[in-house]
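Peer 1: Below are the structure tokens for one structure; questions will follow.
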Amino acid sequence: MHAGTSTTHDAHDVHDHIHPPPEGFVRKYVFSLDHKVIGFQYFFTGLLIMFIAGSFAELVRLQLTDPKGAIMSHQAYNTMFTMHGTAMVWLVLIPLVTGALGNFVMPLQIGARDVAFPWLNMASFWILPLAALILFSSLLFGGPHAGWTEYPPISLADGTAGALWCAAIFTIGISSTMTGLNFMVTIMKMRAPGMTWTRMPLFVWATFATALMNMIATVALSAAVGALFLEHVFNVPFYDAARGGSAVLYEHMFWFYSHPAVYIFIIPAFGVVSEVIPTFSRKPIFGYKMIAFSSMAIAILAFTVWAHHMFPSGLAPWLQLPFMILTYAIGIPTGIKIFSWMATLWGGRIHFTTSMLYALGFLITFTFGGITGVFLASVPVDLHAHGTYFVVGHFHYVVAGGAVMGFLAAIPYWYPKATGRMLSERLGQLGFWLFFIGLNGTFLPMHWLGLEGMPRRYASYVDFAKAVPDAVFWNQFETAFSFLMMASIGLLAFNVIWSLRHGKVAGINPWGARTLEWTISSPPPYYNFKKVPEVYGRPYDFDKPLPYRNTDNELDAFPEYGKTVMPTPQPVGAGV
Amino acid sequence: MAAAAVQHLAGHEAVAARYRDVDRAYGETRDLRLLGFMFFLVSDCILFSSFIFAYVYLRVSAPTWPPIVDGHQLPWFDTSFAAMNSVVLFGSGVTMHFALENWKHLNTRKFNGWLIATIVLGIGFLLGQAHEYSVVNISWQGSTMGASFFTLTGMHGFHVFIGVCYLAILGIQANRGVYTSSKYFGLTAGTLYWHFVDVIWVALFSLFYLW
Ligand SMILES: [Cu+2]
């Protein structure tokens, strides 16, 4: 094993010679080529847009406190939920989980000095603020109204705002595709010597599956919105039924991307949970290969199920059946993951840090959202529930309870590595409970409201409130709880900034974790690894010495975890 | 480490060793770029495939094809002219192949000749395409047939145009000594791109003119 890797190792010495870090503010922090800095740029941009898009959601919630619509016109309401969905999916979630987490963590975990194409990486990032500007500028033209999917023919009435929406999505699509391509090449070609595919950390597997979907599916979306753009601007008939076009065609092209898109942000969350749970259970991960391969299985199956979003759109019955069965099939690899994580927890020494709380919360909320997803996969159920709040509840359990919770688990976990300081555990744990309670309070009642027939995307629900008098109470209840989530994100932003100065010094490996990024200093130097390490095992065997040779610090002689500064778990509200 | 090792070697050997290292390093970056470029072509291919899917979907679900607009059925495309134009484009793929082969064998003059032939054929194809646009009896906005035809062939023509510019730049770079007989990644990429554009045309030609 060791002898076999020595030749590649020489080559790495030549190729990966250490460049001097750039000088000057602009080269260092603005147009930086360093994957770590680019990760930070994605993080802060994504968080900023998350506040904007979250405020849109709060406006939507406030409107629904009164069945007649409390605060704005129906037109404005349509714009608000459209902008909320669009911004959250394309400008917040995907940039945060691939751009921020993938960029910062993945090259460190494979022992690389940067991604394969740093210039492309920088360009991918700078497209994000550009796309955000285009999208938000559509508000000046009245904003798009047709929901985050912008189905024609309704969206064709959006005029300039609709065209700007298409331009923004097309632009951000280029960024996603380039990031996917870049990460694919990085993972395939730049792993440290000895790091075979089945020795890669699980977060890297997740990033690989995500990059594959990003590279393949996003282009289909670009085509869908590109054609919509042509129809808006040049009146070219692709979707206009009056001239032979087909709105269902748009749905096919849109969902061929947008079903994988859901996995583009959920699979990195799986990766995070697969790192956090073994670290804080002090146990090898159960079923490494099952978790790794099920990520790939989910990524591949993701391309075969798109039409389950179109059951009410008049899909031929002979087509409905295979899409229903394939959608059920995705439950299998997903279930394998859930059980592997639970088996990892079983009998472990569990440390209830903020990260671990989020990971455990993820297991609960994501599993719940996954199960309601299996309900919706069934054609007869979907035909009834599709237009109701049941779908909104399901989707937000998967996205807020899955992707966002996974992301929130990652922040306290890698923040010490990124900055050299620990996040405040007390603020973090308080933030977790706010988020977890807020999430369930907001989205759980949507399930029964939906089953009772509350239609989604309506600016008022006078008739429904007459039929179901409870509806007003539950909507006000949801609105109240939704502010807890906002408070939690605000607390996170405060924590992130406050701890830069005041956090405890982290040291190399505060959690006693075992992937490669924890063998170098915090924050890592510009070139990451002074010597490119050699890998001769998987990173999760907590009972064995670290499987690395040639690391450039004292961790080689670090069999125990005596140096960790793992905070002792404290109940919320206990003294500092 | 490599630099230190080089210092210990004497004269001739040191130079040889340094070049071995550089070659190896080149091999690695070449691998990265080649794979990245292949992935770029894959995603570009999916862009075309999506629009081709749209065209096939619209055509299959239409009650008549060519569609009827204002009571008149639209005409079919002129297959014979497009076939001639296709020969021009496929011929340019052959000349490009010879250009690259000659570069590998350090035949700069022949390389230049074949490359110029490729560029001329590429421009010829674009002119043929422009002629077709001017005589074809349908419009971009008028029907789904026109929408798919002009969008897809327009995208393809744009790719050919970019390819012609790219090949011209590559030719200038090659004559300035940017590439050697063993390090010519730019030329490999240009050739791959050019063949890719050919392959896309095979699909478009069969779907619009033969189906
Ligand atoms: Cu789906």
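Any read-out appearing in this document is the output of simple, stated calculations on the displayed coordinates, not a laboratory observation. Computed from a prediction, not measured in an experiment: that's the story for all the values here. As a convention, Cβ positions derive from the backbone with ideal geometry for all residues, glycine included, and neighbour counts pool all protein chains shown.
Peer 1: Ranking request for peptides A:427-437, A:265-275: highest mean number of other beta-carbon atoms within 10 Å first, then the rest in descending order.
Peer 2: A:265-275, A:427-437
Peer 1: Continuing with this model, one more query. Sort A:400-412, B:184-196, A:375-387, B:59-71 for me by packing, meaning the mean count of neighbouring Cβ atoms within 10 Å per residue, highest on top.
Peer 2: The most tightly packed comes first, giving A:400-412, B:184-196, A:375-387, B:59-71.
Peer 1: A further question follows. Based on the Cβ-Cβ distance of A:Val472 and A:Tyr526, what FRET efficiency does E = 1/(1 + (r/R0)^6) give at R0 = 56 Å, to the nearest 0.05?
Peer 2: So the FRET efficiency works out to roughly 0.45.
Peer 1: Could you name the lysines whose alpha carbon sits less than 20 Å from that of A:Lys417, not counting residues in the same chain fewer than 8 places away?
Peer 2: Counting by Cα, and skipping residues close in sequence, A:Lys417 has these lysines nearby: A:Lys28, A:Lys36, A:Lys504, A:Lys530, A:Lys531, A:Lys563.
Peer 1: What lysines sit close enough to B:Lys110 to cross-link, taking a C-alpha to C-alpha distance under 25 Å and skipping anything fewer than 8 places away on the same chain?
Peer 2: B:Lys183
Peer 1: If amide H atoms are built 1.01 Å from N in the plane of the peptide, which residues on other chains or at least 5 residues away come under 5 Å of the amide H of B:Val69?
Peer 2: B:Leu74
Peer 1: Under the definition of Cα pairs under 8 Å and six or more residues apart, what whole-number percent is the relative contact order of the range A:3-561?
Peer 2: Rounded, it is 17 percent for the range A:3-561.
Peer 1: Note the angle between two axes, namely the Cα long axis of helix A:354-377 and the longest principal axis of the Cα atoms of chain A, as a number of degrees from 0 to 90, rounded to the nearest 10.
Peer 2: Tilt relative to chain A: about 40 degrees.
Peer 1: Which whole number gives the average, over all residues in B:138-150, of C-beta atoms from other chains lying within 10 Å of the residue C-beta?
Peer 2: The shielding value for this peptide is 4.
Peer 1: Considering every residue in B:48-54, what mean count of other chain Cβ atoms within 10 Å of its Cβ is obtained?
Peer 2: 6
Peer 1: Can I ask one more? For the Cα atoms of chain A, what angle does the longest principal axis make with the long axis of helix A:202-234, in degrees from 0 to 90, nearest 10?
Peer 2: 30 degrees
Peer 1: Also, I was wondering about something else. Dipole of the range A:180-295 (Lys/Arg Cβ +1, Asp/Glu Cβ -1, origin at the Cα centre): which of A:Ile267, A:Tyr239, A:Gly226 lies farthest to the positive side?
Peer 2: Value: A:Ile267.
Peer 1: Another one. Which value results for Rg/Rh of the protein assembly as shown when Rg is the Cα radius of gyration and Rh the Kirkwood radius based on the inverse mean 1/r?
Peer 2: 0.99
Peer 1: Over all Cα pairs of the range B:37-210, how is the pair count split among 5 Å bins, expressed in % and running from 0 up to the last occupied bin?
Peer 2: P(r) over the range B:37-210, rounded to whole percents: 1, 8, 17, 19, 16, 13, 9, 7, 5, 3, 2, 1, 0.
Peer 1: Going out from 0 in 5 Å bins, what whole percent of all Cα-Cα distances in the range A:270-378 drops into each bin?
Peer 2: Once binned at 5 Å, the Cα pair distances of the range A:270-378 give 2, 12, 20, 20, 16, 12, 8, 6, 3, 2, 0.
Peer 1: Using a cut-off of 14 Å between beta-carbons, work out the net charge of the residues near A:Asn121 (Lys and Arg +1, Asp and Glu -1, A:Asn121 not included).
Peer 2: With Lys, Arg at +1 and Asp, Glu at -1, the neighbours total 0.
Peer 1: Pop a pseudo-label 7 angstrom from the Cα along the beta-carbon direction at both A:Trp433 and A:Ala343 and give the gap in nm to one decimal.
Peer 2: 3.4 nm
Peer 1: To the nearest Å, what is the center-to-center distance of the range B:182-202 and the range A:224-288, using C-alpha atoms only?
Peer 2: 30 Å
Peer 1: Still on this structure: I want to check the label-to-label distance for A:Leu383 and A:Ile71. Put each point 7 Å from Cα in the C-beta direction and report it in nm to one decimal.
Peer 2: 3.9 nm
Peer 1: Then there's this: Return, for the Cα atoms of the range A:52-200, the radius of gyration and Dmax in Å, separated by a comma.
Peer 2: For the range A:52-200, the Cα radius of gyration and maximum Cα-Cα distance read 19.2, 64 Å.
Peer 1: Compute the long axis of helix B:108-135 from its Cα atoms, compare it with the longest principal axis of the Cα atoms of chain B, and write down the angle in degrees, 0 to 90, nearest 10.
Peer 2: In chain B, helix B:108-135 runs at an angle near 20 degrees to the longest axis.
Peer 1: Give me the distance in nm between label points sitting 7 Å out from Cα along the Cα-to-Cβ direction at A:Val26 and A:Trp119, one decimal.
Peer 2: Those two pseudo-labels are separated by 1.7 nm.
Peer 1: I want the local charge near A:Gly194. Using Cβ-Cβ distances under 13 Å, sum +1 for each Lys or Arg and -1 for each Asp or Glu among the other residues.
Peer 2: Result for the local shell: +3.
Peer 1: Straight-line reach from A:Lys289: which lysines have Cα under 22 Å away, leaving out those fewer than 8 places along the same chain?
Peer 2: Leaving aside lysines fewer than 8 places away in the same chain, those within reach of A:Lys289 are A:Lys189, A:Lys337, A:Lys544.
Peer 1: Apply the Karplus curve 6.51 cos²θ - 1.76 cosθ + 1.60, θ = phi - 60°, to the phi angles in the range A:428-438 and return the couplings in whole Hz, x for Gly and Pro.
Peer 2: x, 5, 4, x, 4, 5, 4, 5, 5, 5, x
Peer 1: Taking 0.36 nm per residue of sequence separation and subtracting the Cα-Cα distance, how much length would be gained by fully extending the chain between B:Ala203 and B:Asn112, in nm to one decimal?
Peer 2: Computed gain between B:Ala203 and B:Asn112 is 29.8 nm.
Peer 1: Next question. Within a 10 angstrom radius of each residue's Cβ in B:126-134, how many Cβ atoms of other chains show up on average? Whole number is fine.
Peer 2: For peptide B:126-134, the averaged partner shielding equals 0.
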